[in-house]
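Heads up: the structure comes next, in structure tokens.
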Amino acid sequence: MTALEPSDAVVADETADRVDEDGVLGRSYRALSVGIVSVVLLIAFEATAVGTAMPVAARELDGVSLYAFAFSGYFTTSLLGMVLAGQWSDRKGPLAALTTGIGAFAAGLVVAGTAQVMWVFIVGRAVQGFGGGLVIVALYVVVGRAYPERLRPAIMAAFAAGWVVPSIVGPLAAGTVTERLGWRWVFLGIPVLVLLPVALALPQIRRRAGGPVAEQAREPVERRRIRLAFGISAGAGLLQYAAQDLRWVSLLPGAAGAALLVPSVLGLLPRGTYRAARGLPSVVLLRGVAAGAFVSAESFVPLMLVTQRGLTPTLAGLSLAAGGVTWALGSWVQARPRVAPYRERLMTLGMVLVAAAIAAAPSVLVPAVPVWTVAVAWSFGCFGMGLVIASSSVLMLRLSAPREAGANSAALQISDGLSNVVLLAAAGAAFAALGGGSMTGTAGSGSHPAAFAFVFLPMAAVALAGVWVTTRLRDDQAS
């Protein structure tokens with residue numbers, strides 16, 4: 001009998017009182033919790049530091065016109081990693097997927113940090129994305145297997161708290177390194193952080209979450225899902241390429257991408273996701289709507305502040321720093337037992353805050369508006385994201401049978417990553433079409449403010465659609 005067979009869930013339930021008394025940082029779970037939160041710290045440092053250095057890297061590599069591709073390339077390959085990690089984790093346990101993902105993540109950072117042209121830089125980001133997709137799904141499977149249901153909101157809140165220090169220190173450190181040593185060291189320095197999470201997390205994961213949940217007898221289904229994973233990744237890549245190359249000839253790869261993407265998405269996401277069916281399908285859909293709108297807008301905030309308001313990369317990055325604190329606060333709020341009955345209402349509030357923050361951000365394109373407006377708006381938006389993202393993870397695990405935790409975790413992350421790719425493609429196309437690619441990286445460098453307005457305002461509309469989706473989260477039949 002392995003450490004992760006269903007009988008372990010029975011043992012966990014029988015000892016729930018002792019576990020609750022300990023909490024996620026008590027004696028029973030301390031080592032595992034610290035280990036996996038350390039992995040989240042690694043991802044958080046990458047996201048905050050790289051976002052700060054990206055405008056300088058794109059300018060030096062003469063790739064501002066491909067700016068959105070540097071972000072969406074990451075998400076495109078992460079889709080493949082997510083599906084593979086879900087299948088791998090359900091069949092063999094999350095340990096191998098996690099270690100492979102961390103290795104690929106570090107390798108991608110090295111490729112990006114040593115790139116001499118923009119396309120090589122994007123390849124490095126793609127390798128990072130594949131590793132990140134493996135890691136994030138494997139971590140969700142660990143949470144679903146190693147923690148009882150009543151502790152999962154707390155560990156999700158701890159994941160969000162793991163972003164606080166990176167969100168504050170990351171932009172300052174990345175901006176300082178970029179200005180004094182060069183942007184490359186932002187990428188080349190991060191792989192060192194791989195050592196700590198590996199040392200802390202892997203032994204505990206091997207003991208508590210190793211091996212399959214049960215006997216696997218679905219080989220044809222797994223092979224089909226892997227084929228769909230390649231289809232969704234290739235389709236997303238072609239669609240993104242077409243969006244960045246605004247010529248009539250680009251309609252061909254765009255159509256090919258859509259032809260691959262649509263059936264793959266329908267096969268990998270829960271049935272009814274596209275029409276917001278109640279319960280798990282709407283949870284998965286909301287995750288994509290929230291993440292796609294927010295990340296697509298956030299990717300352009302540093303570039304807007306550097307090119308339109310003349311901020312340094314350090315100050316532009318710091319404008320988003322407070323968001324890490326408020327994101328963690330939102331996650332902490334949703335983890336309180338007293339608010340559990342009102343989770344869906346909290347998620348509605350969260351999406352309202354996200355939409356308002358995205359809509360307020362481009363107000364700084366008006367010179368009379370104080371530049372700190374972005375920081376204030378983004379703090380409220382991040383609080384809303386903390387409510388929505390952590391709660392969607394909790395609801396997904398609650399609605400998933402043990403043998404489906406990997407596949408459903410992958411579906412949640414696919415919705416997240418795919419929405420990022422599609423909405424970044426749309427935002428990048430609008431940005432390039434309105435002259436965004438002509439910037440040199442200095443204030444007033446030739447791009448019209450409308451290039452940024454046509455990124456933020458449509459994303460605010462997408463977030464508003466997410467407000468409606470939050471009314472579909474409760475599965476009345478299941479309850």
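The values are calculated or read from the model by the stated rules, or taken from the named source; none is laboratory data. Computed from a predicted model, the values in this text were never measured in an experiment. Cβ coordinates were reconstructed from backbone atoms using ideal geometry, including for glycine residues, and neighbour counts include every protein chain displayed. With ligands, DNA and RNA removed, areas are computed over all heavy atoms of the protein, side chains included. Shrake-Rupley method; radii C 1.70, N 1.55, O 1.52, S 1.80 Å.
Couple of notes before you dig in:
- For the chain, with +1 on Lys and Arg beta carbons and -1 on Asp and Glu, the positive-most of Val394, Pro313, Ala115 along the dipole: Val394
- With DNA, RNA and ligands ignored, accessible area of Thr176 (1.4 Å probe; Å², nearest 10): 60
- Size of electric dipole in the chain: Cβ of Lys, Arg +1 and of Asp, Glu -1, about Cα centre, debye, nearest 20: 320
- Excluding ligands, DNA and RNA, the accessible surface per residue across the chain is 39 Å² with a 1.4 Å probe.
- Of the accessible area of segment 99-170, computed with a 1.4 Å probe over protein heavy atoms only, carbon and sulfur atoms account for 74 percent.
- Principal axes of segment 53-94: Cα extent on each, largest first, Å: 44, 15, 10
- Dipole of the chain [Lys/Arg +1, Asp/Glu -1 at C-beta], most positive-end residue of Leu268, Phe380, Gly81: Leu268
- Of all accessible heavy-atom area on segment 360-404, the percent that carbon and sulfur account for (1.4 Å): 73
- Each of Glu179, Glu404, Glu344 has its accessible area taken with a 1.4 Å probe; listed largest first, they run Glu179, Glu404, Glu344.
- Backbone HN-Hα couplings from phi across segment 309-318 [Karplus 6.51/-1.76/1.60, Hz, Gly and Pro as x]: 10, x, 6, 6, x, 5, 5, 4, x, 5
- Over the chain, Cα pairs under 8 Å with separation of 6+ residues give a relative contact order of 24 percent.
- Furthest towards positive pole of dipole, Gln334, Ala411, Pro362, structure part the chain, Cβ charges: Ala411
- Helix-only arithmetic for the chain: the sum of -39500 (n - 2.57) across DSSP H runs with n ≥ 4, divided by the residue total, places the mean residue ellipticity at 222 nm at -25000 deg cm²/dmol.
- Rounded accessible area of Val467 (nearest 10 Å², 1.4 Å probe): 30
- Computed about its Cα centre, the charge dipole of segment 75-164 is approximately 140 debye, with only Lys, Arg, Asp and Glu carrying charge at their Cβ.
- These residues, Asp62, Asp416, go from largest to smallest accessible area, 1.4 Å probe, as Asp62, Asp416.
- Taking amide H atoms as placed 1.01 Å from N in the peptide plane, the amide H of Ala321 has no partner under 5 Å among residues 5 or more positions away or on other chains.
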